[in-house]
1. If we keep just the residues of the stretch 21-37 that are part of a loop (DSSP other than H, G, I, E, B) and of a type in the set (Val, Ile, Thr), which is nearest to ASN73 (Cα to Cα)?
2. Go through ASP16, ASP38, ASP43 for me and flag whichever is more than 17 Å from LEU81 (Cβ to Cβ) and either at pLDDT 95 or above or in contact with a helix residue (DSSP H, G or I) (Cβ under 9 Å, 6 or more places away or on another chain) (or both).
3. Among PHE72, PHE58, which is under 16 Å from ASP34 (Cα atoms), in contact (Cβ under 8 Å) with a residue 24 or more places away in the chain and among the aromatic types (Phe, Trp, Tyr)?
4. Is it the case, given these coordinates, that ASP76 is modelled with pLDDT of 95 or more and touching a Ser or Thr at 6+ places or on another chain (Cβ under 9 Å)?
5. Which residues, taken from the stretch 49-61, are within 17 Å of ASP77 (Cβ to Cβ) and of a type in the set (Asp, Glu)?
6. Checking the condition exposed (fewer than 14 other Cβ atoms within 10 Å of the Cβ), within 11 Å of the chain's Cα centre (by Cα) and not aromatic (Phe, Trp, Tyr), which residue from SER52, SER74, SER44 passes?
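The values are calculated or read from the model by the stated rules, or taken from the named source; none is laboratory data. Nothing here was measured: the structure is a model prediction, and the numbers come from that model. Note that each Cβ is placed from the backbone with ideal geometry, even for glycine, and that neighbours are counted across all protein chains shown.
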Amino acid sequence: MSFAISGESEMNEMDDLLEILTGLFPDVDFETEDRLVDDKILDSYDLDSIVSEIEDQFGVTIPAELVTAENFNSADDMYDLIQKLDE
């Protein structure tokens, strides 16, 4: 029996998130971009798609009031949101 180290599990979840994001928007560099909403790289329709995929993949519910630039400007922001909702 093997046990995943906490950091290892977090890396897998971030990898899952990046896979979702790049699958939806292959031309965006989600590993470095940190102004996805502010720079209008993603619009409200894009966010709807991302929210739906995140909810399906991670088993969380993202309320409309949390769909903000602050939570969706980068993959790291989205990952932090997932972690908060999964607590």
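1. VAL37
2. ASP43
3. It is PHE72.
4. Judged against the criteria, ASP76 is not a match.
5. GLU53, GLU55
6. SER52
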